[in-house]
Amino acid sequence: MLTLTETASEQIRTITTSSDLPAGGGMRIASDPATNNLTLSLAPTPVVGDEVVDDAGARVFLDQQAAAVLDDKALDATPGTDGQVQFTITEPQR
């Protein structure tokens with residue numbers, strides 16, 4: 001299952017609480033078959049079939065393909081000075 005670094009959890013909580021998402025909303029990672037990439041978006045609820053990762057209130061919804069690709073990975077975040085956040089996929093720390 002995808003794990004979240006402490007920084008990623010903090011950034012996801014910040015983004016989701018400062019948006020118009022209802023309580024329980026989160027960030028969704030989904031596969032895009034047209035580009036063979038993963039997409040990132042905010043979502044009020046998971047889609048049926050999504051895997052839900054909840055790390056102290058930082059919620060990430062993964063569609064089935066994204067969950068399979070990210071099964072043994074970690075999501076990290078780097079906050080930028082311009083208010084933007086860059087998310088990266090890394091190997092989990094053991």
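Just so it is clear, none of the values below were taken in a lab; they were calculated from the coordinates. Values in this document were obtained by computation on a predicted structure and should not be read as measured data. In this analysis, Cβ positions are derived from the backbone assuming ideal geometry, glycine residues included, and neighbour counts consider all displayed protein chains.
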Inset, instruction - Could you list which residues have their amide H under 5 Å from that of Arg28, counting only those 5 or more apart in sequence or on another chain, with H placed in the peptide plane? - result: Ser41, Leu42, Ala43, Phe61
Inset, instruction - With +1 on each Lys and Arg Cβ and -1 on each Asp and Glu Cβ, and nothing else charged, work out how big the dipole of the chain is about its Cα centre, in Debye to the nearest 20. - result: 80 debye
Inset, instruction - Considering Cα pairs under 8 angstrom that are at least six residues apart, work out the relative contact order of the chain and quote it in whole percent. - result: 33 percent
Inset, instruction - Can you check what the net charge comes to around Val47, using other residues whose Cβ is under 11 Å from the Cβ of Val47 (Lys, Arg +1; Asp, Glu -1)? - result: -2
Legend entry - For the range 6-15, 3J(HN,Hα) per residue [Karplus equation, 6.51 cos²θ - 1.76 cosθ + 1.60, θ = phi - 60°, Hz, x = Gly/Pro]: 4, 5, 4, 4, 4, 5, 5, 4, 4, 5
Legend entry - Taking Ile15, Ile89 and counting other C-beta atoms within 10 Å, the order from fewest to most: Ile89, Ile15
Inset, instruction - Over the alpha-carbon set of the chain, work out the extent along each principal axis and list the three values in angstrom, largest first. - result: 31, 31, 26
Inset, instruction - Grab the other residues whose beta carbon is less than 13 angstrom from that of Ile29, score K and R as +1, D and E as -1, and report the net. - result: -2
Legend entry - Local electrostatic count, Asp63, Cβ distance below 12 Å [Lys/Arg +1, Asp/Glu -1]: -2
Inset, instruction - Before rounding to the nearest 500, sum -39500 (n - 2.57) across all DSSP H runs of length at least 4 in the chain and divide by the residue total; then give [θ] at 222 nm in deg cm²/dmol. - result: -5500 deg cm²/dmol
